[in-house]
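To start, the structure under review is shown below, and the notes come after it.
The values are calculated or read from the model by the stated rules, or taken from the named source; none is laboratory data. No experiment lies behind these values; they were computed from the predicted model shown. Note that each Cβ is placed from the backbone with ideal geometry, even for glycine, and that neighbours are counted across all protein chains shown.
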Amino acid sequence: QLNELQSELTQKNQELEKIKQEQSEELFRALQNAEIEFKNNSFAQVKRLLIYYPSAIKIIETKPNIPAKSLISLLNNLDKLLVYWGYQTIGKPGERVKYNPEYHQTDDETIQPGESVYIRFVGYQQETTIVTPAKVSRNFLDL
């Protein structure tokens, strides 16, 4: 009877290992599929930009006087991608705001919290996490 129990235990252990292996493989496949879906969805968001960007660079190199305004529509796709990923901008270039060191970064150590400053470069946050603070200064043109 002991041999039967040992044999049954060995069989159950083998079944358990097989189930563990199958679940591990299933999880790996699910992660691979999620990664592929993420890449495909992200690519779809910036596809137009990626198609036209190399040609736009070539045109700019050969015709440096082309108005930059014509390139703005290409860059709008980056905004769509950031929204898709759940990022929000902190401020807008030239926007006047009250300095908050939690959301803003300045090179001027004399700027105090609550002081009026201008957004030079936007920052980004994802939900409540500040990914990169907005760059601010007393004057917008202090680039």
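Flag not set for P64, criterion: in the same structural domain as H104 (by TED's automatic domain parsing) and not in a helix (DSSP H, G or I).
Looking only at segment 107-118, which residues are surrounded by 12 or more Cβ atoms within 10 Å (Cβ to Cβ) and either modelled with pLDDT of 95 or more or under 19 Å from the mean Cα position of the chain (by Cα) (or both)? Give the steps one after another, and end with the answer.
Of segment 107-118, the ones surrounded by 12 or more Cβ atoms within 10 Å (Cβ to Cβ) are 108, 111, 115, 117-118.
Passing the criteria: I111, E115, V117, Y118.
Taking the criterion of being surrounded by 11 or more Cβ atoms within 10 Å (Cβ to Cβ) and farther than 21 Å from F43 by Cβ, the residues of segment 53-69 that qualify are I59, I60, I66.
So which residues in segment 115-129 are part of a loop (DSSP other than H, G, I, E, B) and closer than 9 Å to K92 by Cα? If the condition is that a residue be part of a loop (DSSP other than H, G, I, E, B) and closer than 9 Å to K92 by Cα, then V122 is the only one that fits.
Any residue at all in segment 56-74 that is under 11 Å from the mean Cα position of the chain (by Cα) and modelled with pLDDT of 80 or more? Explain how you work it out, then say what you get.
Keep residues of segment 56-74 that are under 11 Å from the mean Cα position of the chain (by Cα), which gives none.
No; the residues of segment 56-74 include none that is under 11 Å from the mean Cα position of the chain (by Cα) and modelled with pLDDT of 80 or more.
Within segment 107-127, one or more residues are more than 25 Å from L141 (Cα to Cα) and assigned by TED's automatic domain parsing to the domain that holds L141. When the test is whether a residue is exposed (fewer than 11 other Cβ atoms within 10 Å of the Cβ), in a helix (DSSP H, G or I) and under 25 Å from the mean Cα position of the chain (by Cα), E26 does not pass it.
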